[in-house]
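Just below is one structure, and these are the notes that go with it.
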Amino acid sequence: MASVDPDPVAPRGRQITIPLEVSALTVILALALGLVAAGGAALYQRHKPTNYFSLAVLQIDQPQQVATDTGDATLAKLQRLRSYYAGVLDTEVLAAPIAKQVNLPVGAVIGSITTLISPSNFLIDLFSHAKTPQQSLAIAQAATSQLITYVRKQQVKAGIPAINRVVLREVTQPGAGVRVATSTKKELIAGGVAFVVVAAAFIIVADLLRRRW
């Protein structure tokens with residue numbers, strides 16, 4: 001007697017098929033190439049050029065307005081201005097004079113300065129990185145000086161009386177660059193990513209070639 005499907009309307013379970021047909025040799029070669037790539041990526045991370053970082057801390061303030069403002073309008077304005085002024089470091093407006101001061105290309109200066117801003121204070125953490133501790137210190141000093149000068153000139157240009165001006169002060173002077181080495185974790189991540197990418201790519205290419213032949 002022929003069997004009857006108890007529920008001919010119900011959809012059948014979806015079948016998932018993998019289009020790859022991988023031989024043992026292909027897997028072995030993929031693993032070998034993946035290991036070679038992983039080792040190369042890890043070694044590259046370990047032997048990347050050493051960077052030195054220097055840190056300066058600046059504070060934005062408007063003493064007269066902060067002291068007399070009964071609300072928080074002045075503080076909110078200072079937060080916005082802090083972000084704006086920090087962002088100018090990523091432009092040629094400040095990168096050009098900084099580059100001239102430290103004898104570097106403008107593009108190199110833009111890529112060597114980073115700022116961090118916390119919403120809980122009115123500070124600008126200015127980091128500079130370079131290949132030598134002396135160069136990272138020089139960039140941080142120049143960036144600090146140029147940013148303070150830029151803020152002062154902008155206030156003067158706007159015709160704001162001295163007592164009402166926004167000021168940027170250096171609260172922590174930049175120190176000599178500190179060496180930052182690549183961590184073992186970063187090496188392992190780079191090696192793992194290289195292993196997966198190379199091994200998977202080899203298996204896919206090998207399967208495509210097999211199908212064509």
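Could you give the size of the charge dipole of segment 51-180 about its Cα centre, using +1 on the Cβ of each K and R and -1 on the Cβ of each D and E, expressed in debye and rounded to the nearest 20?
Charge dipole, segment 51-180, about its Cα centre: 260 debye, nearest 20.
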Fill in the blank from the handout: HN-Hα couplings for segment 66-83 via Karplus (6.51, -1.76, 1.60; θ = phi - 60°), in whole Hz with x for Gly/Pro, come out as 5, 6, 9, 6, 7, x, 10, 4, 5, 5, 5, 5, 5, 4, 5, 5, 4, 5
Fill in the blank from the handout: In nanometres, the difference between 0.36 nm per residue of separation and the alpha-carbon distance of L33 and I189 is 54.5 nm
Exercise for the section: Among V178, T91, L104, flag the residue with its Cα farthest along the positive direction of the charge dipole of segment 51-180, charges on Cβ as +1 for Lys/Arg and -1 for Asp/Glu. Expected result: L104
Practice task
Would you work out which of L78, Q65, Q155 lies farthest towards the positive end of the dipole of segment 61-190, given +1 charges on the beta-carbon of Lys and Arg and -1 on that of Asp and Glu, about the Cα centre?
Solution key: Q155
Fill in the blank from the handout: What one gets for segment 51-180 as the Kirkwood radius, inverse of mean 1/r over different Cα pairs in Å, is 15.1 Å
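FYI, it's all coordinate maths here, none of it is from the lab. The model shown is predicted, which means the values in this text are computed figures rather than measured ones. All Cβ positions, even for glycine, are placed from backbone atoms using ideal geometry, and neighbour counts span all protein chains on display.
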